[in-house]
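Take a look at the structure below.
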Amino acid sequence: METWELLSKIIFLFVILAITLVVAMYSTYAERKVAAFMQDRLGPNRAGPYGLLQPLADGLKMFMKEEIIPTMANRTLFILGPSIAMTTALLTGVVIPWGGNLTIAGHVISLQVADLNIGILYIFAMVSIGVYGIMLGGWASNNKYALLGSVRAASQMISYELAMGMAIIALVLTTGTLSLKEIVDQQQGWHWNIFYQPLGFLIFLVCAFAETNRAPFDLPECETELIGGYHTEYSSMKLGFYLFAEYINMFISAAVIATLYFGGYNFPFLNRLPLDANVLTILGSVVFFLKIFFLIFLFMWIRWTLPRFRYDQLMNLGWKGFIPISIANIMVTGVVIYFKELFF
Amino acid sequence: MTFLFYLLAAVAILSALMVVFSRSPINSVIFLIICFLSIAGHYILLNAQFLAVVHIIVYTGAIMVLFLFVIMLLNLNTSNEPHKSQLTRITAVITGGLLLLVLIAATKDAVLIQAKNPADYNIGLVKQIGQTLFKQFLLPFEISSVLFISAMVGAVMLGKKDSKKN
């Protein structure tokens, strides 16, 4: 790898990191504004114009709070918990193709940090490691509510990972590749995977809600039963890390859904516009981010519309609802592909 | 690359030792997770990305979560660890020694296998593994999947039996 390529990758990595953090930061603001809109309120409007500085104020508050580690807690694991949650949340953005290729001074720069040929599986692996952050944090707090919250989180994430994996298998059957870049490139024009895998998309979306612990699947932190769930004992920036990791996960899940099912940075008539290739690439990235923002809005919309599940309902939905449906989806997809290859 | 190999190997061996030596089961589980991650790193060094990721998903993401889950539910700690009698210790030492003996006997006459395609760096990628599994080793692959299904059905049956008794 040449020096300029390495350098461009490193710069791009930091840009992605910054974008992820800023989007996650302003998701907290958007969430409160959306909630306010849904409930016919005004929402935060004191800090700055339209309350735009509210996330900064929140962050400052988190930093200034007293840091408390319970006496009976396991100190190492107590600190390790939020760190793992934050790290795995940030690691996922590496394989997402944020745009096409830019050509600057003769050098082609790909707007994707790493084009792994197992991109989907990498995201899946990071999600499955992310469970440890919640589990270890909840256990190390030495608090029964935290423990219950983390046990709930772990069983919920394991259950929904299965259905999610099977939705991905059906998608891989249609695309024939595990690389996210190739999946996006196949979806040019209107060939979005949502039209080929509508059921798979639905399963993936619901499982993404469950994996990010968002309402109606927020039982791990169910306030009415468990105080705060796994982060009951946390304060200061360690609590901030947990809350922030949730928003980063939401952003990344929205990006993954947009990549897998909504054509990523493709949009219809992309190739017919009489524009420079670089401009088209940037336009594609802008469209990609618009798709992501819409999906983030969808996450919030559902959170403020639907009530929380009961825990047995959640388990029934996962094991008796989604897993059989996703297996059926795989079978139907396989049969259709087989006959398509046989006859056409 | 060599430096990375030695680093990963050192981490793997040290964490594997810590699994055995640490007193608290939770710490053992965490060291086992680190051990698995470093083994996944070895796979990446061999350019076997698929194996590495599947290793992380299956071992780190599923099996170890279940381990941790059980330990958390039973709340196993050093404080309430059942005291082991002298007899158990002696038995454990003898069994471990015998296992070591068997392992040494088995590896004593081992010969270094020559790699089939030493220059093929694509051997660990999805396509190659899929071709090998579904062409060369189709029957063993399918039989092992039947084995897994039978284990799953067995586990469900065992679980059902218990609930009826209550």
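Hydrophobic (A, V, I, L, M, F, W, C), surrounded by fewer than 16 Cβ atoms within 10 Å (Cβ to Cβ) and at pLDDT 85 or above: does that describe residue A:331?
In short, yes.
Quick test of your reading of the structure: residue A:112 fulfils all but one of (1) crowded, with 19+ Cβ neighbours inside 10 Å; (2) within 14 Å of another protein chain (Cβ to nearest Cβ); (3) part of a loop (DSSP other than H, G, I, E, B). Name the failing condition by number.
That leaves (2) as the condition not met.
Can you name the condition, by its number, that residue B:163 falls short on among (1) in a helix (DSSP H, G or I); (2) surrounded by 12 or more Cβ atoms within 10 Å (Cβ to Cβ); (3) modelled with pLDDT under 85?
With (1) in a helix (DSSP H, G or I); (2) surrounded by 12 or more Cβ atoms within 10 Å (Cβ to Cβ); (3) modelled with pLDDT under 85 applied to residue B:163, the lone miss is (2).
Output the qualifying pairs, or none if there are none: Cβ atoms under 7 angstrom, residues six or more apart or on different chains, first residue in the stretch A:1-27 and within 18 Å of residue A:97 (Cβ to Cβ), second residue in a helix (DSSP H, G or I).
The qualifying pairs are A:16/A:93; A:17/A:90; A:20/A:90; A:20/A:93; A:20/A:248; A:20/A:251; A:23/A:251.
Does any residue of the stretch A:123-141 turn out to be among the polar types (S, T, N, Q), away from chain B (no Cβ under 11 Å), in contact with a helix residue (DSSP H, G or I) (Cβ under 7 Å, 6 or more places away or on another chain) and part of a helix (DSSP H, G or I)? Lay out the reasoning, then the answer.
Step one: list which residues in the stretch A:123-141 are among the polar types (S, T, N, Q), which gives A:128, A:141.
From the residues that got through so far, the ones that are away from chain B (no Cβ under 11 Å) too are A:141.
If we keep only those that are in contact with a helix residue (DSSP H, G or I) (Cβ under 7 Å, 6 or more places away or on another chain) as well, we get A:141.
Those left that are additionally part of a helix (DSSP H, G or I): none.
There is no residue in the stretch A:123-141 that is among the polar types (S, T, N, Q), away from chain B (no Cβ under 11 Å), in contact with a helix residue (DSSP H, G or I) (Cβ under 7 Å, 6 or more places away or on another chain) and part of a helix (DSSP H, G or I).
Within the stretch B:85-121, take every residue that is at pLDDT below 70 and not hydrophobic (A, V, I, L, M, F, W, C) and give me the one that is nearest to residue B:46 (Cα to Cα). Steps first, answer last, please.
Step one: list which residues in the stretch B:85-121 are at pLDDT below 70, which gives B:115-121.
If we keep only those that are not hydrophobic (A, V, I, L, M, F, W, C) too, we end up with B:116-118, B:120-121.
Details: B:116: 15, B:117: 13, B:118: 11, B:120: 10, B:121: 8 Å.
Ranking the candidates gives B:121 first.
If a residue must be at the interface with another protein chain (Cβ under 10 Å from one of its Cβ atoms) and either acidic (Asp, Glu) or at positive phi (or both), how many such residues does the stretch A:149-191 contain?
Residues of the stretch A:149-191 that are at the interface with another protein chain (Cβ under 10 Å from one of its Cβ atoms), as a first pass: A:150-151, A:154-155, A:157-158, A:161-162, A:165, A:172, A:177-179.
Keeping just the survivors that are either acidic (Asp, Glu) or at positive phi (or both) gives A:161.
Count: 1.
Considering B:71, B:26, B:33, which residue is closer than 23 Å to residue A:150 by Cβ, modelled with pLDDT of 85 or more and within 10 Å of another protein chain (Cβ to nearest Cβ)? Give the steps one after another, and end with the answer.
Working: B:71 fails: modelled with pLDDT of 85 or more; B:26 fails: modelled with pLDDT of 85 or more.
None of the other options fit; the residue is B:33.
Would the stretch A:222-237 turn up any residue that is in contact with a helix residue (DSSP H, G or I) (Cβ under 7 Å, 6 or more places away or on another chain) and aromatic (Phe, Trp, Tyr)?
yes
What number of residues within the stretch A:73-109 are within 11 Å of chain B (Cβ to nearest Cβ) and not polar (S, T, N, Q)? Give the steps one after another, and end with the answer.
Residues of the stretch A:73-109 that are within 11 Å of chain B (Cβ to nearest Cβ), as a first pass: A:74, A:76-77, A:80, A:84, A:88, A:95.
Still in the list and also not polar (S, T, N, Q): A:77, A:80, A:84, A:95.
Of the residues in that region, 4 qualify.
The values are calculated or read from the model by the stated rules, or taken from the named source; none is laboratory data. For clarity, every value in this text was computed on a predicted model and none was experimentally measured. Positions of Cβ are backbone-derived with ideal geometry, glycine not excepted, and every protein chain shown enters the neighbour counts.
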